[in-house]
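The values are calculated or read from the model by the stated rules, or taken from the named source; none is laboratory data. Remember, predicted model here, so these are calculated numbers, not experimental data. For neighbour counting, all protein chains shown are included, and Cβ atoms are generated from backbone atoms with ideal geometry for every residue, glycine included.
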Amino acid sequence: MIVARELTCVFGSFTAVDHVSFAVARGEIFGFLGPNGAGKSTTIRMLCGLLRPTSGTARVAGYDTGREPECVRERIGYMSQKFSLYRDLSVRENLAFFGGVYGLTGARLQARREAVVGMAGLAGMIDRITGTLSGALQQRLALGCAILHEPSILFLDEPTSGVDPLSRRTFWDLIQGLAAKGVTVLVTTHFLDEAEFCQRLAFIHAGRLVALGTPADVRRESVQEDLFEVALETLAGAREKLQGLADVLAVSFFGPRLHVFCRSGCYDSHTLGRALAARGLATQHVARVPVRLEDVFIRLVQRQPLNR
Amino acid sequence: MQRFLAIFVKEIRQLRRDRLSLGMLFLVPVLLLALYGYALSFDVKHIPVAVLDEDATRASREFLESLFSNPYFDRVLTLDRRAEADAVLDRGRARLVLVIPRGFAQRLARGETAEVQALVDGADASSAGAAVGYLDALAARATRRVQIETIQRAGIAPSLPLVALVPRIWFNPDQESSHFLIPGLISMLMMLAAVIATSLSIVRERERRTLEQILVSPVRPMELILGKTLPYVLVGVATMGLILLLGRIAFGVTVAGSWWLLSLTTLVFLFSALGMGLMISSITRSQQVAFQLATILTLLPSFLLSGLIFPIRSMPVFHQVFSLFFIPRHFVTALRAIMLKGAGFAEIWPSLAAMLALGLFFNGIALWRTRRSM
Ligand SMILES: Nc1ncnc2c1ncn2[C@@H]1O[C@H](COP(=O)(O)OP(=O)(O)OP(=O)(O)O)[C@@H](O)[C@H]1O
Ligand SMILES: [Mg+2]
């Protein structure tokens, strides 16, 4: 449903998106991960036809975004990173506007509006001014407006930022419900627990695609290092001492503990414990742990040279 | 059609809720009209005049008669002694005391300068100035007539080359009533309302990011532009009506020509002015910049290049040509012709054509810019 080929976007002398290629199948929930400024929003904007790629092509719903933008627009829904409904209009008026803009009228509009209001849990608030709704409701309304015309592809740019965990969960239930009905969803997020809901992930950093696959694939393949969780008596100065150790690639704080990435096969929990003791670090606990997405995120961002 | 309607309805709903814009569209023009209207109406009529005719000859009587045969001066009192003059002015029974000294007729007959004294109540400086200006002009005219008649009575053909005195009162050079200024004022207020309101329309959506949401939808640039402009056409027509109504109530402004032509002119004007607003909106990135640009591009030409203050004819050629590229000049020309002279289509079509051309240009740029961002 979505095919990006060598998508590139250059702003002046700055390359925001650098030869990104991927494909998303029908009904798939595809997650876009990456640090701030990685180029996620820029990629989505190119896929929606809001931004012309400097080079490369994108096909959405079988149409070229550059050559047949109208055909693409009728088939996609887009929820931008910043809230972009009319805050000064009521819920009903916003729905009427976006319905009208997609050519919905009469009975169809009413049916769709009721479906969307029910889905978003907005019943009874239809005449409230949008700007006075809570953040979670605003976001669900934005999703509602984006799916009013029943698009086959949905682009959601950080739909759950600034929303409480429970509302996020509700939101993801909605997304999964849509995907189950065959809607293709491309979603960006900074919440790694949400990434686990995605069938496949793309990890972008500095405009480049650095990992692609199912969450399990990404965990397994993109960081081929051994990860140890270490509990120390005192954390003061520990990170610096650890980083000086041979074959230790990276150290990051993980709550009261440390996560230590070591070159694959160089240590086990005993040898690492001994190496730490030799450095004068009293360990309480050393264990090899499976790599989680968060560790992947941190490692990928640390490892890539930022050549900008 | 459906999409255009959605935008149109949305725009009206937003406008209804947006007190600031509504105020700008209706209240500001009305306030400004009241303010400027009064400030600019230094044109004085029916000035009460007391007369002291010390000469009491036929020439002096004829002179006085000609002086009062116009709406500017009313003879309210006849005095016997000079000493009364001060009291009359002080009590406000007359604003001006005219004294024709003894020997007026004799001097005239001899071809000498006959002096007439005018004592003016200077409390209201601008109207006093205007009164003296009128008096000057009328006196010159009257004197000349008396002169000619006297010469003719003496049996001599008037072969003296008469030098016509054309007094200039700044701000109202053609000695017409304040109604002459009203079209310029209307143009300024309509420019302000139309251009500033629309100049914010697209850039506001850009700032609030709602434009993006419209741009990913199948809406076409034309639908967006029409949907966003038409509400302002309605508002603009309403504002125009309001201004004309107020002008009539407060200043007695009437329309000499046809209302149909006035409506047509207003629509053509709105087409170009709203296009200018849209163009500004489509080339700016923030409401603040758009507002500033719109204000400058509206106010300056309205004041300086429209003929409101400086008559176009007396401007340097460069400025005359330059003024052709601004809407107010054409709108004011057309309005004056219709409202004051009762001109028909045959006389004002060049102004309409010019506004149409400017409108096509502005709207074309707006459309092109919107299309590019889509
Ligand atoms: N119109 C533009 N002109 C110049 N630079 C831009 C423009 N739009 C985005 N950028 C830059 O491109 C880079 C990528 O931006 P983008 O918004 O795609 O990042 P992102 O991955 O969505 O980040 P975030 O997680 O913060 O939303 C940023 O450094 C941004 O400053
Ligand atoms: Mg972003």
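Results, tabulated for the structure shown:
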| quantity | calculated |
| --- | --- |
| Any chance residue A:85 is in the same structural domain as residue A:160 (by TED's automatic domain parsing), of a type in the set (A, V, I, L, M, F, W, C), farther than 18 Å from residue A:189 by Cα and away from ligand 1 (no atom under 14 Å from the Cβ) | yes |
| Residue ID - farthest from residue A:179 (Cα to Cα), chosen from residues in the stretch A:62-108 that are within 16 Å of ligand 2 (Cβ to nearest atom) and of a type in the set (A, V, I, L, M, F, W, C) | A:83 |
| Residues being near ligand 1 (Cβ under 10 Å from one of its atoms) and of a type in the set (Phe, Trp, Tyr) - total across the stretch A:1-54 | 3 |
| Residue within the stretch A:116-134 that is within 16 Å of ligand 2 (Cβ to nearest atom), touching a strand residue (DSSP E or B) at 6+ places or on another chain (Cβ under 9 Å) and in the same structural domain as residue A:189 (by TED's automatic domain parsing) present | no |
| Test: residue in the stretch A:297-305 that is surrounded by fewer than 19 Cβ atoms within 10 Å (Cβ to Cβ) and in contact (Cβ under 8 Å) with a residue 60 or more places away in the chain | yes |
| Test result for residue B:176, at pLDDT 80 or above, of a type in the set (Asp, Glu) and out of contact with any His (no Cβ under 6 Å at 6 or more places or on another chain) | no |
| Residues that are more than 9 Å from every other protein chain (Cβ to nearest Cβ) and assigned to a loop (DSSP other than H, G, I, E, B), drawn from the stretch A:62-80 | A:62, A:65, A:66, A:67, A:68 |
| Helices (runs of 4 or more DSSP H) enclosed by the stretch A:81-185 - at least 2 residues per element that are under 18 Å from the mean Cα position of the chain (by Cα) and within 14 Å of another protein chain (Cβ to nearest Cβ) | A:135-147 |
| Failed condition for residue A:30, given (1) outside any loop (DSSP other than H, G, I, E, B); (2) within 14 Å of another protein chain (Cβ to nearest Cβ) | (2) |
| Output for the stretch B:247-266, where each listed residue is assigned to a helix (DSSP H, G or I) and surrounded by fewer than 16 Cβ atoms within 10 Å (Cβ to Cβ) | B:248, B:249, B:250, B:259, B:260, B:263 |
| Which listed residue is at pLDDT 90 or above, more than 16 Å from ligand 1 (Cβ to nearest atom) and surrounded by 15 or more Cβ atoms within 10 Å (Cβ to Cβ), from A:183, A:230, A:223, A:187 | A:183 |
| Selection within the stretch A:155-179 - in contact with a Leu (Cβ under 8 Å, 6 or more places away or on another chain) and within 16 Å of ligand 2 (Cβ to nearest atom) | A:155, A:156, A:159 |
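Listed here are the residues, each with its yes/no results for (1) within 14 Å of another protein chain (Cβ to nearest Cβ); (2) crowded, with 18+ Cβ neighbours inside 10 Å; (3) within 16 Å of ligand 2 (Cβ to nearest atom).
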site: A:7; (1), (2), (3): no, yes, yes
site: A:10; (1), (2), (3): no, no, no
site: A:19; (1), (2), (3): no, no, no
site: A:40; (1), (2), (3): no, yes, yes
site: A:47; (1), (2), (3): yes, yes, yes
site: A:55; (1), (2), (3): no, no, no
site: A:60; (1), (2), (3): yes, yes, no
